[in-house]
Every structure is written in C-alpha cells, then in structure tokens.
Amino acid sequence: MTWSRLQLLGYEPPPGPGRPRKAGPGGARDDQQGSMTMRYRVLGGTGIEVSVHCLGTMMFGAVGNPDHDECARIIHAALDQGINFVDTADMYSAGESEQIVGKALQGRRDDVVLATKVHFPMGEGPNRGGNSRRWIVKEVEESLRRLRTDWIDLYQVHRPDHTTDIEETLSALGDLTRQGKIRAFGCSTFPAEEIAESHHVAERRGLPRFRTEQPPYSLLARGVESSVLPVCRRYGMGVLTWSPLASGFLTGKYRKGRPVDLSTGRAALTPARFDPSIPRNAAKLEVVERLVEVAEGIGRSLPELAVAFAAAHPAVTSVIVGPRTMEQLEDLLKGASLTLDDATLDLIDEIVPPGTDVYNPDGAWRPPALTDPAQRRRPVPERAAG
C-alpha cells in the first residue's frame with residue numbers, strides 16, 4: 001500500500017525520537033496552548049522511547065500513601081496524560097510499591113516501560129541484598145512476581161557494592177537479558193569512575209553494559225554535572241534523574257523565616273536536614289528564596305521550574321516525578337510544557353553554579369573511602385614520617 005493511500009485512510013506515523021506525542025484520553029491541559037503533548041526520548045540507545053516525565057513510585061505504600069486504590073488512580077492518571085515510563089524498586093515500602101504498580105498495570109502492561117531496582121536488603125540475614133549473582137538472580141524473580149509481569153523493561157542496580165566484582169554483576173544481568181526476564185539494565189547513583197570502570201570491564205570481558213544511570217539531580221544538587229552526566233553522554237547512556245524537588249526543598253513548603261514542622265514527613269525522618277537553625281539548612285533556604293524569584297519572574301511555580309530545569313540538560317532522558325497524591329501529580333504535570341530560555345538558565349547558574357551541590361541528596365551513595373575511617377587512616381604506629 002502506498003504512503004499516500006495510508007494518509008488518505010487516516011494513518012499518522014508515530015512520533016520519532018524527541019518528537020511530541022499527544023496525551024491519551026483525559027490528557028493534561030497546557031497553560032498556554034489548551035492541550036498538552038508529552039515528549040518522548042530514546043533511552044540510552046536501546047530503541048525504547050520513554051516520556052520525558054517518568055512516574056516514580058517511592059511514595060506508594062506504607063512509607064508514603066498506603067491507599068492502594070488511590071495510588072492506582074494516580075498511576076492511571078499519569079498514563080492517561082502521556083507518561084509511559086514507571087519507575088519503582090524492590091525496597092520501596094518493602095515490596096509494597098511493586099505490588100501496587102503490578103496491580104495497577106494489569107491490562108495496560110504492554111503500553112508501559114517498567115523499571116525497577118535491586119540492591120538494598122530485603123530481610124534479615126546475609127545474602128539478602130547487594131549486587132551478587134546469587135541475590136540478583138533470586139530477587140528478580142520476586143520483583144516479577146510482585147509486578148505481575150513476565151519481563152522488566154529496565155532493571156537497575158540501585159547502588160554500588162564494593163564487596164562484589166562488577167564483572168559478577170554484569171554477567172548475571174546479561175544472563176537475565178538473554179533469558180528474556182529483563183530487556184535492558186542500568187545503574188543508579190554510581191560515581192563517574194565506577195560507571196567508566198563498568199564499561200571497561202564489559203568491553204574487556206565481552207559482557208553487556210549498563211545502558212542507563214539514575215542520579216540525583218536538581219537545582220540544589222548539580223554535582224553530577226561535573227563528571228557523571230558527561231561520562232553518561234560519552235558512553236551513550238540514558239539518564240533518568242531522581243529528586244528534582246530536592247527532598248521537598250523545591251516544593252515551596254520550606255521557606256526562609258517560616259517555621260518547619262519537624263514532627264511529620266521527611267523532616268521527622270531526618271530533622272537535621274530540615275532544621276532551619278542549622279547553618280547549612282539556613283543556607284539552602286537562602287538559595288530557595290532566590291530561586292522563587294526566578295520562578296515568579298517567568299510566571300511559574302518553583303516546582304515547575306525545578307522539573308523543567310532537570311529536563312533541559314542534554315544528558316537527561318527522563319525526569320522522575322514522585323507524587324504521593326493526585327494533587328501533587330497534577331501540580332507537577334502543569335510544568336510539562338515549560339521551556340526555560342537561556343536567560344533563565346543563566347540566572348540559575350548565577351545562583352547555583354554548575355557542578356555544585358547546595359546539599360547532599362538523601363540516599364546519595366558515598367564511597368567506603370569516605371565512610372570508613374580505617375580506609376583513610378594508617379595504623380597509629382605507621383603514621384609518623386620518621
């Protein structure tokens with residue numbers, strides 16, 4: 001059948017990489033155009049197209065929203081508005097998040113690019129966490145069961161594991177790919193040097209390589225711009241970023257001069273990160289005030305500015321947004337059409353210089369060389385020069 005004949009029959013070609021696609025039924029409104037289109041980008045050379053917004057589900061379950069039905073409605077609303085990328089992890093609410101996602105995706109699984117993760121302990125005792133072949137091969141089966149699916153589109157190693165040779169991890173993940181249990185695999189919150197080492201090992205040993213990285217990235221946490229994001233671009237990796245709202249500091253909830261309730265939410269879990277009487281937290285709030293001015297200057301909210309900022313980096317494929325409620329999802333989607341011009345990005349660079357962190361993101365991995373004093377201190381008798 002000729003192309004002209006197909007057009008007469010009403011056929012429209014699917015959008016190519018980076019091209020916009022209209023949202024499905026019930027699509028979100030665009031503040032400027034009256035209807036929203038969701039853009040899609042290719043994920044790390046895999047040929048898989050994913051929405052620029054990825055629905056994160058860390059807040060689904062006991063840790064965040066325990067109402068399974070409401071969480072399912074949030075997932076369905078995100079899909080209806082053009083999001084086709086859902087990210088979860090085995091450890092989110094001890095597997096409950098995966099269960100919620102699996103139930104919600106029944107009947108819609110083929111339309112969704114589903115990502116989950118492995119690494120953190122999932123029970124007491126040894127060998128129930130980490131990046132060993134033993135644990136990965138066992139835990140992927142548990143994730144498949146909880147997610148009610150036969151395959152995982154993107155299986156991610158949640159953090160580095162200095163006790164496991166990276167060759168062991170890549171070999172296990174390659175076997176799962178050949179078995180059809182996963183389609184692609186990546187890493188999360190890996191430092192640049194470990195990403196580069198993993199590619200070197202993969203090439204040397206003839207193993208499949210990490211196709212994606214999931215780093216923390218926000219207006220307040222730009223450290224990954226110095227090496228992680230450039231390394232990902234060099235190796236053609238897809239990047240899906242987490243915590244664009246900087247643990248809530250970019251929601252507008254925490255402002256200079258306003259009291260902070262340290263008894264609820266994230267503040268209750270880690271009060272030292274939110275207590276405004278601590279100088280480093282006061283410094284964060286000072287920066288937030290300047291960013292609020294930037295957002296107001298372009299007629300947008302601070303969360304809209306934050307999510308649009310992360311999506312604007314050329315290394316970033318998709319930005320994970322992790323709502324706990326339907327209202328939060330709707331507020332985050334309002335900024336999907338926002339394009340930041342160079343003047344706005346220049347203002348942001350003046351407030352938070354590229355490659356700098358105003359704070360250390362929650363859950364960011366720190367190497368044993370920094371966390372283990374024994375790796376930084378010789379035995380006492382050997383410390384003196386003479």
### Task
List the DSSP H helices in the chain whose Cα atoms stretch 15 Å or more along the helix axis and whose mean Kyte-Doolittle hydropathy is at least 0.5.
none
## Note on the structure
From the cross-link list 103/334; 103/138; 256/284, the entries with a Cα-Cα span beyond 18 Å are 103/334; 103/138
### Query
Roughly how large, in nm² to one decimal, is the mean projection of the convex hull of the alpha-carbon atoms in the range 196-272?
6.9 nm²
### Message
Which one, 119, 83, 370, is farthest towards the positive end of the dipole of the chain when Lys and Arg carry +1 and Asp and Glu -1 on their Cβ?
### Response
119
### Message
Rolling a 1.4 angstrom probe over the protein chains, ignoring ligands and nucleic acids, what is the accessible area of residue 205 in square angstrom, nearest 10?
### Response
130 Å²
### Query
Do the sum for the chain: with -39,500 (n - 2.57) for every DSSP H run of n ≥ 4, divided by all residues, what is the mean residue ellipticity at 222 nm, to the nearest 500 deg cm²/dmol?
-10000 deg cm²/dmol
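Using the Cα centre of the chain as the reference point, and only Cβ charges (+1 on K/R, -1 on D/E), how large is the resulting charge dipole? Debye, rounded to the nearest 20.
For this selection, approximately 580 debye.
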### Query
What is the Å³ per residue value for the convex hull set by the Cα atoms of the range 236-373?
146 Å³
### Query
What are the semi-axes of the equivalent ellipsoid of the range 67-199, taken as the square roots of 5 times the eigenvalues of the Cα gyration tensor, listed largest first and rounded to whole Å?
26, 16, 14
### Message
Suppose every Lys and Arg Cβ carries +1 and every Asp and Glu Cβ carries -1, with no other charges. What dipole size does the range 151-245 come out with about its Cα centre, to the nearest 20 debye?
### Response
360 debye
### Query
Hey, if we sort 284, 256 by accessible area with the 1.4 Å probe, largest down, what's the order?
256, 284
### Query
So how exposed is residue 185, as accessible area in Å² (1.4 Å probe, rounded to 10)?
10 Å²
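The values are calculated or read from the model by the stated rules, or taken from the named source; none is laboratory data. Everything numeric here is computed off the predicted structure, so don't read it as measured data. Every residue, glycine as well, gets a Cβ built from its backbone with ideal geometry; the counts of neighbours run over all protein chains shown. The accessibility values were calculated without ligands, DNA or RNA, using every heavy atom of the protein model including side chains. Shrake-Rupley method; radii C 1.70, N 1.55, O 1.52, S 1.80 Å.
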